[in-house]
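Beneath this line is the structure, given in structure tokens, with notes to follow.
The values are calculated or read from the model by the stated rules, or taken from the named source; none is laboratory data. Quick caveat: nothing in here was measured; it's all calculated off a predicted structure. Because the Cβ atoms are built from the backbone with ideal geometry, glycine has one as well, and the counts that use them run over all protein chains shown.
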Amino acid sequence: MEKIDILSLDFEELTEKILEMGEKKFRAKQIFDWLHVKKVTDFEQMSNLSAQFRAELSEKFCINRLNIKKRLVSKIDNTVKYLYGLPDGEAVESVLMDYKHGAALCVSTQVGCKMGCKFCASTLAGWVRNLEPSEMLGQMYESERDSGKTLDSIVLMGIGEPLDNFDNVMKFLKILEESGFSLRRVSLSTCGVVDKIYDLAKLKLGVTLSVSLHAATDAKRSEIMPINKKFPLKQLMTACDDYFAATGRRISFEYSLIEGVNDDESSAKELIALLGGKNCHINLIPINEVRERGFKKSPYVERFQRFLTNAGLNATVRRTLGADINAACGQLRRDSKDE
């Protein structure tokens, strides 16, 4: 009999399983705390449970772990990039970043990505499958174990499109919240899956929505982001306005600056026309160069920022972390598959 992935069970599901075993309800709370607060990796570590009960749990459930296949540490800023091996032989990446406010982890949500953004490394090795909630939690728990740091925040900006794995990502967030991790410390990045933005808004989870924009006209955005052909900018902007109205959470728009593509004054004016008057934040990103893509980092990041701020928009430049270890998600997985 295949064992149940216990880390992917939310508290209600775990309670149901424990009651089916003939145990008291409070045992589920004990087990949940061992798994998601103390973050143990073996039932034998659950010292307030009887030896017989621990054996029964081990027979019925498994505590899936990710193994660190590769670990790169930046000599510039101590950013750590992990390549995690999954039980089926696939691999995903996480990036641990140090900020003044604490440690943040960039979490992957899929093995590969279907979205096909032209500047991104995540799609190069192909999409394979969705990650389970336990595999997203595992990235957090293993990085904490390895680094000795407690995560202050997480960003769902790693490999994959979180809203394309909607059910598993929502389950992951539910388990996180049940374990005491505030969802206000979570940012979810999407390339613009409009129907799922509405589904997310209905849940009112408190997460920060980050929308990967990268161009402010349909013609330009469709060239570099195929999702725009399905959900053009007018639909996307309406969804973002509705998300803000439903949740009160300000949206962050990600804009990667690519030399000769979207970094000139006319591109800035297009962005001002699109976002002017909105309660939002614009995160300007010096693009990570991927050798197969041919796009170059723009030398005009500060100038572009001035165009926006002079027009009254809230625009900041994302600090580049882990530049010496290729910390952009997708590159390490791709190199691993090549090897």
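When the residues of region 288-310 are narrowed to those that are over 28 Å from LYS278 (Cα atoms) and among the hydrophobic types (A, V, I, L, M, F, W, C), which ends up modelled with the lowest pLDDT?
Kept after step one, since they are over 28 Å from LYS278 (Cα atoms), are these residues of region 288-310: 289-296.
After this cut, where a residue has to be among the hydrophobic types (A, V, I, L, M, F, W, C) as well, the list is 290, 295.
Values: VAL290: 66, PHE295: 80.
The residue in question is VAL290.
Once region 13-34 is narrowed to residues that are surrounded by 18 or more Cβ atoms within 10 Å (Cβ to Cβ) and aliphatic (A, V, I, L, M), the residue that is farthest from the chain's Cα centre (by Cα) is ILE18. The criterion of being under 20 Å from the mean Cα position of the chain (by Cα), within 25 Å of ASP152 (Cα to Cα) and at pLDDT below 95 does not hold for GLY180. Residues of region 167-198 that are in contact (Cβ under 8 Å) with a residue 40 or more places away in the chain and among the small types (Gly, Ala, Ser): SER179, GLY180, SER187, SER189, GLY192. Of the strands (runs of 3 or more DSSP E) lying entirely inside region 146-262, those containing at least 2 residues that are within 30 Å of PHE32 (Cα to Cα) are 151-156, 186-190, 208-212. All conditions but one from (1) surrounded by 14 or more Cβ atoms within 10 Å (Cβ to Cβ); (2) closer than 18 Å to MET140 by Cα apply to PHE53; the one that does not is (2). Taking residues in region 212-230 that are farther than 14 Å from THR190 by Cα and in the same structural domain as THR123 (by TED's automatic domain parsing), and partners anywhere that are in a helix (DSSP H, G or I) and hydroxyl-bearing (Ser, Thr, Tyr), the pairs with Cβ atoms closer than 9 Å and at least 6 places apart or on different chains are ALA215/SER222; ALA215/SER267; ALA216/SER267; THR217/SER267; LYS220/SER267; LYS229/SER222.
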